Amino acid sequence: MNVLWEGDVVVAGGGSAGCAAAVAAARAGASCLLVESAGFLGGTGAAVLDTFYGFYAPGPVSRQVVGGVGWEVCERLFEAGAAFERPNTYGAGTGVTYEPEELKLVWDELVPDALLHARVCDFVPGTGVVVETVAGRFLVKARVVIDATGDAEVAWRAGATLERPGMRLQPMTATFRLGGVDLSATSTAELHALMADADLPRREGSVHRTVNDGIVHTNLTRVTGLDPTDPVELAEAERVGRRQVRDYVAFLRAKVPGYGSAVLLSTSVRIGVRESRRLVGRYVLTSDDVLAGRDFPDTIARCGAPIEDHDSGAATRWEYVHDFGTYGIPYRCLLPVEVGGLIVAGRCLSATHDAHASARSMGQCMAMGQAAGTAAALAVQAGVEPAAVDVELLRTRLREEGALL
């Protein structure tokens, strides 16, 4: 098989975690290639959503818990006039609402080397990965592979132990944007009161202002009972999501003041997946860890987000960290037990269903990605497996690059 690229680190997946990993690896001195199946970087952040959560912990005082590469992205968006901080009436802490089209450009500027329209389709132990492109399959050689696919695609192909669909799964969501909306006409509480009496799969959710006047972004639909790692069921989820969008748009226009002249501008590029395969790694983060606000000697990211479980009927279950505190995400949650040369980052980290419902926010995904990229570079430079990286050195390097631990 022909070799397309050869270097130190390859990152599979160009979402929040993967982009941050590629930036961090390159800044730490490693040659790095990011492989992304879409034609743009940003993943769910660019294709589905418009707000980063996880940078701040909820509570009476706004407390920042993620810095580093992720916060640099926010600063660039602020400087471009393409983002603002939005106090979250939903309880997850202050969010950073941004323009997705600008986010694509920011990641283009930050990520040094990205192969778009390509997908990792095999893991080759000790060698790297195989990628599928418009010109066929190629070998990409790297000493460390970072799986930031969200669905743990590389870890699955490599034979790592995973929690698989068939377990409890959070539902999927198709988001949409409306133009011509007067948000001042209806409060969130009034919207939810109207939704409570409607025949809708979810009777609460978010409709919020964007960078552009009169345009709102929604997180309302709820697609349940389908497996995002089954190709047939994933296709059906996309269709169900679009039908729900139609129903929610009709409801908003007919029943909610301020939406009578609303125009549907777009639906999400793909359906938003909250949860699919999860690694069973060297440590499994639990709900007890989250709610007790536990820290760890190998903490590489912090989180204050509540357990936000959408798998509970028409409403969402919220459970908060004790005393609105924060907890640490251990480096071991990124490390498979059985597979060498591989680090996992992002929402496929090693965590239980409940803990995952807290740690999956994009702020934490970027923090985990920065840790994974830095660790991969350190492993290459020391000639060791990722699991043998000096954790104190890793934490020191992360702090030097602005990470909050």
Dipole check, the chain, charges on Cβ (K,R +1; D,E -1), about Cα centroid: among 44, 24, 78 the Cα furthest to the positive pole belongs to 44
Determine, from the Cβ-Cβ distance of residue 117 and residue 213 and an R0 of 25 Å, the FRET efficiency 1/(1 + (r/R0)^6), rounded to the nearest 0.05. 0.15
How many percent of all Cα-Cα pairs in the chain sit more than 30 Å apart? 37 percent
Would you kindly work out the equivalent ellipsoid of the range 1-121 from its C-alpha gyration tensor and give its semi-axes, the square roots of five times the eigenvalues, largest first in whole Å? 29, 15, 12
Taking the Cα centre of the range 213-312 as origin, work out the dipole magnitude from +1 charges on Lys and Arg Cβ and -1 charges on Asp and Glu Cβ, in debye rounded to 20. 440 debye
Given the protein chains as shown and a 1.4 Å probe, how many square angstrom of residue 389 are accessible, to the nearest 10? 10 Å²
Rounded to one decimal in Å, the inverse mean reciprocal Cα-Cα distance for the range 87-143, i.e. its Kirkwood radius, is 14.7 Å
Pseudo-spin-label distance residue 188 to residue 3, built 7 Å along Cα→Cβ, given in nm, is 5.3 nm
Cα-centre dipole for the range 258-405 with unit charges at Cβ (Lys and Arg positive, Asp and Glu negative), debye to 20: 400 debye
Which whole-Hz couplings ³J(HN,Hα) result when phi for each residue of the range 251-268 is put into the Karplus expression 6.51 cos²θ - 1.76 cosθ + 1.60, θ = phi - 60°, listed in order with x for Gly and Pro? 4, 4, 5, 7, 10, 10, x, x, 10, x, 10, 5, 10, 6, 8, 6, 10, 4
Given 10 Å bins starting at zero, what is the percent of C-alpha pairs of the range 221-378 in each, up to the one with the largest pair distance? 10, 31, 29, 21, 8, 1
The range 180-254 and the range 1-47: distance between their alpha carbon centers, rounded to Å: 32 Å
Scattering profile of the range 129-172 at q = 0.30 Å⁻¹ [log10 I(q)/I(0), Debye over alpha-carbon scatterers]: -1.20
Taking 327, 283 and ranking on accessible area (1.4 Å, protein atoms only), highest first, one gets 283, 327
Put one equal scatterer on each alpha carbon of the range 160-262, apply the Debye formula with no solvent term, and list log10 I(q)/I(0) at q = 0.10, 0.11, 0.13, 0.15 1/Å to two decimals. -0.33, -0.39, -0.52, -0.66
In degrees, nearest 10, the alpha-carbon axis of helix 16-27 is tilted away from the dominant principal axis of the alpha carbons of the chain by 40 degrees
Would you please give the residues with an amide H less than 5 Å from that of residue 265, counting only those at least 5 places away or on a separate chain, with H modeled from the backbone geometry? 177, 178, 179
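Tell me the per residue accessible area of the chain using a 1.4 Å probe; a whole number in Å² is fine.
For the chain, the per-residue accessible area is 38 Å².
The values are calculated or read from the model by the stated rules, or taken from the named source; none is laboratory data. As the structure is a computational prediction, the values presented were derived from the model and not from experiment. Methodologically, a virtual Cβ is constructed for each residue, glycine included, from the backbone with ideal geometry; neighbour enumeration extends over all protein chains shown. Just so you know, the surface numbers come from the protein's heavy atoms only, side chains and all, with ligands and any DNA or RNA stripped out. Shrake-Rupley method; radii C 1.70, N 1.55, O 1.52, S 1.80 Å.
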